[in-house]
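Visitor: Quick one: structure below, then a few questions.
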Number of protein chains: 2
Amino acid sequence: MSDDDVSTAFAVLNEIGIIAQLGRATFEARLPPGVILPQWSVLNHLVRVGDGRTPLDMARAFQVPKTTMSHTVAALERRGWVEFRPNPDDGRSKRVWLTAAGRAFRDDGIASVAPDLARILGDLPSGTMEALLPHLRHLRETMDAARD
Amino acid sequence: MSDDDVSTAFAVLNEIGIIAQLGRATFEARLPPGVILPQWSVLNHLVRVGDGRTPLDMARAFQVPKTTMSHTVAALERRGWVEFRPNPDDGRSKRVWLTAAGRAFRDDGIASVAPDLARILGDLPSGTMEALLPHLRHLRETMDAARD
DNA sequence: ACTGTATGGTGCAATGTTGGACTATATGCA
DNA sequence: TGCATATAGTCCAACATTGCACCATACAGT
């Protein structure tokens with residue numbers, strides 16, 4: 001493992017940190033005031049992987065502490081975008097279900113940000129995102145596995 | 001701009017958000033308790049681009065509000081890792097300079113995390129990071145330019 | 001020079017994040 | 001069964017982030 005490899009890795013993580021910041025700002029500019037990216041992301045996650053997950057499942061998926069996820073889903077529930085039902089398999093846990101309003105809000109979010117993303121995509125060499133995606137997935141999976 | 005392109009972009013930003021989180025956790029696990037990633041990142045930035053920057057310069061580079069950067073550099077100054085000097089060109093602003101202790105602390109950070117990064121790199125197909133870096137730079141620059 | 005506006009920086013308050021302690025339920029093992 | 005340990009979730013307090021109001025300095029147009 002050469003020093004060069006390590007400094008490339010540093011540079012990659014550095015760029016990723018800044019892009020995450022920019023992406024968050026882009027998103028939040030389009031969400032209604034008071035709604036925050038992690039809230040929308042949880043709705044999106046539930047749509048993509050299916051609802052009925054437990055809060056702890058999602059905390060692991062997002063790599064945040066369980067208290068943070070607890071706070072986030074509580075906010076979503078207050079707004080009527082998700083509802084809790086007991087987990088029949090485990091009396092300690094809840095399952096989180098999307099409401100119709102929650103699905104609609106998630107869809108609105110995509111529709112609102114799509115033009116911003118389209119503008120960014122238009123300024124990038126075509127194929128940039130497709131080139132990034134598989135490598136990013138691989139990196140994420142590897143880092144996830146390394147966190148033992 | 002097809003729907004597929006937009007959903008690829010969503011997926012890329014999603015992965016980037018999670019990797020940023022994982023990277024942050026990896027780093028903070030190696031920093032002394034109470035030291036936080038943004039603090040170390042600012043020291044790293046000053047080493048890489050040269051010290052003598054103003055806080056506002058750095059706020060822009062990191063895409064954070066100026067109050068956040070003000071808070072961060074104040075913490076670094078309390079720990080003796082940077083010092084402020086007046087800006088001879090502009091009486092409103094400060095310039096931020098690294099101290100010897102600041103440089104040493106930044107170097108220690110690299111040395112502490114390098115083994116973790118090396119482990120991750122060892123589990124990735126070689127060339128993954130090199131493949132990512134130019135695309136990420138491009139994406140970051142484009143998003144930066146789009147934020148007008 | 002004078003005045004209006006723009007910019008660098010900070011203090012404060014509201015909010016988000018997170019570690020630690022705690023409760024309740026589940027599971028493994030004698 | 002009974003007990004020790006592990007796990008899901010929440011409450012609370014400490015701390016980080018950030019929008020807003022404010023001050024000081026700079027600069028542009030007259």
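Visitor: Hey, which residue of B has the C-beta nearest the axis mapping B onto A, and what's the distance in Å?
Guide: Taking Cβ atoms only, the nearest residue and its distance are B:A20, 2.
Visitor: Moving on. For B:K94, list the aspartates and glutamates whose Cα falls under 13 Å from its own Cα; do not include residues on the same chain fewer than 8 positions away.
Guide: Hits, sequence-local ones excluded: B:D51, B:D57, B:E77, B:E83.
Visitor: In whole percent, how big is the carbon plus sulfur part of the accessible area of chain A, probe 1.4 Å, protein atoms only?
Guide: Solvent-exposed carbon and sulfur of chain A make up 51 percent of the total.
Visitor: So, one more: Relative contact order of chain A: what whole-number percent is it, with Cα pairs under 8 angstrom and at least 6 residues apart?
Guide: Details: 99 pairs, mean separation 29.7, N = 148.
It comes to 20 percent, rounded to a whole number.
Visitor: Over all directions, the average projected area of the alpha-carbon convex hull for the protein assembly as shown comes to how many nm²?
Guide: For the protein assembly as shown, averaging the hull's shadow over all directions gives 17.4 nm².
Visitor: Now a separate question. Might you report the magnitude of the Cβ-based charge dipole of chain B about its Cα centre, with Lys and Arg at +1 and Asp and Glu at -1, to the nearest 20 debye?
Guide: With Lys and Arg at +1 and Asp and Glu at -1, about 800 debye.
Visitor: Can you pull the mean other chain C-beta count within 10 Å for peptide B:23-32?
Guide: Mean number of neighbouring Cβ atoms from other chains: 3.
Visitor: Pulled fully out, how much extra length does the chain show between A:R85 and A:D57, if you take 0.36 nm times their separation in residues and subtract their Cα-Cα distance?
Guide: Roughly 8.6 nm would be gained on extension.
Visitor: Provide the buried accessible surface between chains B and A in square angstrom, both chains summed, 1.4 Å probe, rounded to the nearest 100.
Guide: 5400 Å²
Visitor: Same structure, new question: Would you look at the GNM of chain A, springs on alpha carbons closer than 10 Å, and say which of A:A11, A:A100, A:A59 moves the most?
Guide: Top of the fluctuation ranking is A:A11.
Visitor: B:W97 versus B:D123, label points 7 Å from Cα toward the beta carbon: distance in nm?
Guide: Label-label distance for B:W97 and B:D123, simple model: 4.4 nm.
Visitor: Related question: One quarter of the convex hull surface, Cα atoms only: what value does that give for the stretch B:56-148 in nm²?
Guide: Convex hull of Cα atoms, orientation-averaged projection: 8.5 nm².
Visitor: Of A:P65, A:G109, A:W81, which is farthest on the positive side of the dipole of the stretch A:59-118, counting Cα position, with +1 on Lys and Arg Cβ, -1 on Asp and Glu Cβ, and the Cα centre as origin?
Guide: Most positive-ward Cα: A:P65.
Visitor: May I ask for the net charge around B:P38, where only other residues with Cβ less than 14 Å from the Cβ of B:P38 are counted and Lys, Arg are +1 while Asp, Glu are -1?
Guide: Once all neighbours under 14 Å are counted, the net charge is +3.
The values are calculated or read from the model by the stated rules, or taken from the named source; none is laboratory data. The model shown is predicted, which means the values in this text are computed figures rather than measured ones. Counting neighbours? That spans all protein chains shown, and the Cβs are built from the backbone with ideal geometry, glycine included. For accessibility, only protein heavy atoms count, side chains too; no ligands or nucleic acids. Shrake-Rupley method; radii C 1.70, N 1.55, O 1.52, S 1.80 Å.
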